[in-house]
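Here's the structure, in structure tokens; my notes come after.
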Amino acid sequence: MFRIDRRFFQNFDWILLLLLLGVAGMALMNLYSASYPPSPWGMPPFVKQCYLFLFGMLCILFILFFDYRELHFWNYPFYVLIIILLLLVLFVGNSAGGAQRWINLGFFRLQPSELAKLMLVVTLASYYSRKEQTEGYGIRDMITPVLLTLLPFLLIMKQPDLGTALMLGIIFVSMTVFAKIRIQTYGLGLVLGGAAGVFAWFFLLRDYQKRRIETLLNPAKDPMGQGYQILQSKIAVGSGGVGGKGYLEGTQGHLHFLPERHTDFAFSVWGEEWGFAGSLFFLGVYFTMLFWGLYVAMTARDRFGVFLSFGVVMLIFWQAVINLLMILGFLPVVGIPLPLVSYGGSSLLTTLLGLGILMNVRMRRFQTGQNADKMK
Amino acid sequence: MKWSGYNNLEELTEYDDADLDFLKRRIVFAGLIVLCFAAIIIARLWFLQVHKGDEYRDRADNNRVRVREVAAPRGNIFDAKSRKMVTNRPSFNVVLVREDSNDVDKLLKKLATALDLDISMLWEKLRDASTKPRHIPVRLLVDVDWQTLAYVENHNQEFPGIRIETTPARVYHYENLAAHAIGYLGEISKKELAARDSDIYTGGDLIGKMGLERLRETDLRGEKGSSSSEVNARGFEQQLLKSIEPLPGNDIQLTIDAELQKVAEDLMDSGGKAGAVVAMEVKTGRMLALASNPVLPLNQFVGGISHKNWNALLDNEKHPLINKVVQAMYPPGSTYKMITAMAGLSTGVIDKDTVFYCPGFYTFGNRRYHCWKHSGHGAVNLKRAISESCDVYFYQVGLRVGVDKLAEFANKFGLGHKSGIELEHEKSGLTPTKEWKKKKYGQKWQDGETLSVAIGQGFNLVTPLQICLMTATIANGGKQYLPQIIEKVTDPDGKIIEQFEPVVVTEMTGDERFLPLIREGMEEVVQGRRGTARLVRIKGLTIGGKTGTAQVVRLKEYKHLKEEDIPYKFRDHAWFTCYAPAEDPEIAVTVLVEHGLHGGSGAGPVARAILEAYFSGYLQLHEETEKAAKEEEE
């Protein structure tokens, strides 16, 4: 299985690597500014993120040696591992801001819910690629994927981490709709989903989570609370104007008006310092990367490859869209990072692993069954 | 690999092209959705950054720039010899920026406990400022001591929103010296704020409340500076963006000589006397000393006077709040006799040799008007009449001249109207006329009343300043100068904006020829064998003066009492006014001691001390030459 095919290098996805490096370069540069001036104690987020990025690139290199199809076999062990980690986090996890999300590994605080997103993509891709239904999936076909999604979803809700839990739901819906389901399945899904939503509002959501949704509807009502964050973010981005204030010259970010400026609101810093022109450039590169990911899905050799790549792209795309719409004042503050850009090791590693899977799929697009390694 | 249900990868790689084509179509559709969201995000960015960019830039500036006022140091006040009288020092105030505190309630409670303060006082300060914008600091404690300062500075993390502000505060180098003239500062009131330019004053500013601090507010206040700082969302100032230095106020040099003033105030104070001392340059109108006792405790006013202290000042029977130099009126007593004499000389009723006989009383109508010397002066001419202050002589002059003529001459010497000195609430005094009485009481003037007026009693009322002006006019040969207290005003660059210049208000035409006769009599008061102010004499200096006793009440029940036994508030006021040197007068000094009984003994020594201080150099020289002359003789 470690046989190196010459064609791997010929078929290596240099374009995706280039796009990834472009986005990551801008992201790290932005992170330097967002955490500027460097705090005198501890490792600055910028340096930490650089190390994590290098580590993530090594991970990508490592997984390129394996055929992505082997994920079919590793899928369930991974699934079980992640569930254990999610359970573990509830008991021994580090808490911050009222939520238990991390497992402290000493050098690194692992956020299993981030890995759970990627795990769900792989699990669903594996399920849908194995069980083909030309007429679309029926209600009975949905039982397994729903349960596979619901288990981590509920564990993450318990932490509580509304944003990440929501992401699992979105990934599930995206991939399921993509796989084609029957019309009655849609109907039942909507009814059950709606009921679950109502139930969640009254029994599951915490007050602060409800408030976030409420303030979206009327941000001026609560200028120092949730709405304040959105307002400050809008002021930061808006005040960037056409050309921006210049690198390291952003005032809103550096003066702490912007909350969470190196994590969820990292793009506000970019928008403030580089203006409309710089934002357009950044989004250009970012979305090209996403489109390229879809192209990888289109050119994938098999159904599993298609589902895997599509799921990874959706994972990145939905997080990016929700994060950006939040920064620009269209969505409530739900704590979803901008993949590759927001500070946070688990999110970065998850995204890089996802992109590694994309490269893997792309690299092996011409491989036939005959050329593939035998497992035994 | 049992769990996967597959045996090898080959089984998985079997695929169906039709199915892949179906998925590819779906991917294209997904791509369109991605494109839509990209378009929405870019449109939103365009709206925020391009369309509303300027608006958000303004908001960003407001967000981060906080402009603070920097109080200007007030102008300094110097005395005539450029000694510092009032300057500034830094004062540290504890202020609250409400915007920076998320729980003002808790914060104030904590602060009150930590500093052992009355919380209701803090609340009151906060209520007063309730209409101000939340980022404007509210002064909670003014001019705190260094322990408080150190505590607040060291614990500033525990008190978010509490800051130390440095403002200039007044330093009084001579304590309460000339307090009434200089005045004091206080926090601007709502009324004052409404009446004044809102560009210059804001709530909490200090403003002159009295004296020159009030009258010369525009000169002294300077121009506020400002500092614009970047602040973060927590209110901490990050860096200074722009700072406009405040422009200090203009310095004022007074004509008042602090040392003379001190002599006057100390002497009055040590005797526990209430009253006024006025010293003036007779040929310029420069005021050298303007003392009003008891003095005003200026230091009580620095951080705003307490109710208790204020009420104590109000209730004090010696009225420390009143500037007795210009705001209190007294009967002039015998100091008025110079006016009567001048009226007599000028109208030709008397000349210098006219003699009246004084048996100790004068009978007019069916009443006896007594001379202060009940045994009588005998035959009295003008010189003796002044020097021994014979009442009977002046009864007769007054009666012949008439009250209206007396008033006319009184006015010529500055009585009966405001002098125009730069002090507040100056009283004009009263020089009664027949018409005045008709108007005021609707009654005809009684000639008996003229007798009282002629010796400075009756309806007559003057301020100590007016008597000093009268004395100066007599001394300088008939010129009435505008009394002034400001020598010069200089801006912070040292440029002179205003410079003292003598102003002659009126000048006698013709009548001044009688003044030497008056002065002769006044010299005799001090220098003469039987003068009423012999104890004012200073060796080597010729002084002209006049004593006076102003009756407060004429009560029969006190007649038989010894003067010292009469209750304080019913005792007579003592006047003494003088000029020196008699040969070529330079200075006029007037002293009024409230309820001080006799002019010569009550008021004279104060005047004498001032003359000694003023002429100390001259007197020393005189003494030395005399000594040398004596040694030569030997």
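Summary table below
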quantity	calculated
Inter-chain shielding of B:343-352 (mean C-beta neighbours from other protein chains, 10 Å cut-off)	0
Reduced Cα scattering model of the range B:66-254, Debye log10 I(q)/I(0), q = 0.11 Å⁻¹	-0.55
FRET efficiency for B:ALA628 and B:ARG534, using Cβ-Cβ distance with R0 set to 41 Å, rounded to 0.05	0.90
Over 23 Å (Cα to Cα) - which of B:LYS84/B:LYS539; B:LYS337/B:LYS440; B:LYS337/B:LYS437; B:LYS337/B:LYS383 fall in this group	B:LYS84/B:LYS539; B:LYS337/B:LYS440
5 angstrom amide H check on B:ILE244, placed H, neighbours 5+ away	B:SER226, B:SER227, B:SER228
Packing-based order for A:13-21, B:170-178, using average beta carbon neighbours within 10 Å, highest first	B:170-178, A:13-21
Average partner coverage of A:132-140, which counts Cβ from other chains inside 10 Å	1
Nonlocal amide H pairs with B:GLU487, under 5 Å, H built at 1.01 Å	B:GLN253, B:LEU254, B:THR255
DSSP-loop GluC sites (Glu not before Pro) across the range B:261-357, with at most 13 other Cβ within 10 angstrom	B:GLU317
Per-residue mean of C-beta atoms belonging to partner chains within 10 Å, peptide A:323-336	2
Distance from the range A:121-162 to the range B:357-385 (C-alpha centre basis), Å	130 Å
Sequence-distant aspartates and glutamates (8 or more away, or on other chains) whose Cα lies within less than 15 Å of B:LYS495	B:ASP219, B:ASP251, B:GLU487
Per-residue Cβ neighbour rank within 10 angstrom, fewest leading, A:VAL80, B:VAL606	A:VAL80, B:VAL606
Exposure proxy order (Cβ contacts within 10 Å, fewest to most) of A:LEU355, A:LEU52	A:LEU52, A:LEU355
Kirkwood-type radius of the protein assembly as shown, with distances r between different C-alpha atoms, in Å	37.0 Å
Pairwise centroid distance, computed over Cα atoms, of the range B:484-506 with the range B:134-203, Å	30 Å
Under 29 Å from A:LYS245, Cα to Cα: lysines that are on another chain or at least 8 residues apart	A:LYS48, A:LYS234, B:LYS52, B:LYS242
Convex hull volume per residue in cubic angstrom - Cα atoms of chain B	290 Å³
Per-residue ³J(HN,Hα) for the range A:120-135, Karplus 6.51 cos²θ - 1.76 cosθ + 1.60, θ = phi - 60°, Hz, x for Gly and Pro	5, 4, 5, 4, 5, 4, 5, 4, 5, 6, 7, 9, 8, 9, 5, 8
Length added when fully stretched, B:PHE22-B:ASN156, from 0.36 nm per residue minus Cα-Cα	41.5 nm
Amide H partners (placed H, <5 Å) of B:TYR362, local residues excluded	B:TYR369, B:HIS370, B:CYS371
Those lysines that a straight Cα-Cα span of less than 25 Å connects to B:LYS439, excepting residues fewer than 8 apart in one chain	B:LYS405, B:LYS412, B:LYS418, B:LYS427
Net dipole in debye of chain B [+1 Lys, Arg Cβ; -1 Asp, Glu Cβ; about Cα centre; nearest 20]	2920 debye
Equivalent ellipsoid semi-axes, the range B:325-366, via Cα gyration tensor eigenvalues times 5, rooted, Å	25, 18, 9
Local electrostatic count at A:TYR137 - Lys and Arg +1, Asp and Glu -1, tallied over other residues with Cβ under 13 Å	+2
Student exercise, the range A:67-205 dipole from Lys, Arg, Asp, Glu Cβ charges, in Debye to nearest 20	120 debye
Residue exposure sequence - B:CYS578, B:CYS390 - by fewest surrounding Cβ within 10 Å	B:CYS390, B:CYS578
The protein assembly as shown - charge dipole about Cα centre, Lys and Arg +1 at Cβ, Asp and Glu -1, debye rounded to 20	2760 debye
Fraction of alpha-carbon pairs over 19 Å apart in the range A:67-205 - percent	54 percent
Amide N of the range B:510-541 lying under 17 Å from the label point, which is placed 7 angstrom from the Cα of B:SER270 along Cα→Cβ	B:536
Theoretical FRET efficiency, 1/(1+(r/R0)^6), r = Cβ-Cβ of B:LEU115 and B:TRP310, R0 25 Å, to 0.05	0.55
FRET efficiency, A:LEU54 to B:TRP46 (Cβ-Cβ, R0 41 Å, nearest 0.05)	0.70
Difference of contour (0.36 nm per residue) and Cα-Cα distance, B:GLU422 to B:ARG214	73.8 nm
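A short reminder: the numbers here are calculations on the coordinates, not readings from a lab. The structure presented is a predicted model; accordingly, all values stated were derived computationally and were not measured. Note: ideal-geometry Cβ built from the backbone for every residue, glycine included; neighbour counts use all protein chains shown.
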